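Asks: My structure is below; once you've seen it, I'll send some questions.
Nothing in this text is a laboratory measurement; each read-out follows from the coordinates by a stated rule. It should be emphasised that the depicted structure is a prediction, and the values quoted were computed from it without experimental measurement. Cβ atoms come from the backbone with ideal geometry, glycine included; neighbour counts cover every protein chain shown.
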Ligand code: HEC
């Protein structure tokens, strides 16, 4: 009866060509030894352990569309004309520009050493929110 697999002929697997000239079994050992290198341990390896972060658009960042609304939402309840925590108000452009220029704005939102971490009692701003504020500060913190 004709064998289903003829081991005397080169047999190409996904990873190693089997060209057994001295019997087929050494190749089988080789195949078993190398097989793990050809497989993925699990689906996470294929997908990448850390899936890529969703795109964060920092190009379109302006004070009026990105920075001010975020500060309103997360900071101004403690930093306004009536409640000036840390003697800082963030209700007007001029007030925000001042802490942007002296480095305190980036210091507090990135939780840099030497700065009180903001917002007090709230979650840290997201990486994208921080990236947007950083982009605006790097542009020179314009009133745009
Ligand atoms: C729940 C109230 C609260 C919220 C919300 C809050 N802050 Fe503050 N903030 C404070 C207090 C209190 C201080 C004074 C802390 C200190 O000096 O240790 C302060 C201080 C600061 C300072 C001055 C830091 C310095 O070193 O002089 C800045 C700048 C600042 N906050 C920015 C922000 C920003 C930006 C946000 C929003 C992301 C924010 N804060 C949210 C309460 C708050």
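Asks: If you take the square roots of the eigenvalues of the alpha-carbon gyration tensor of segment 63-138 and sort them as a ≥ b ≥ c, do you get rounded (a/c under 1.5), prolate (a/b over b/c) or oblate?
Replies: rounded
Asks: With labels modelled as points extended 7 Å from the Cα through the Cβ direction, what inter-label distance (nm, one decimal) is found for residue 72 paired with residue 120?
Replies: 2.4 nm
Asks: Put a dot 7 Å past each Cα toward the Cβ at residue 143 and residue 98; how far apart are the dots in nm?
Replies: Modelled inter-label distance: 1.4 nm.
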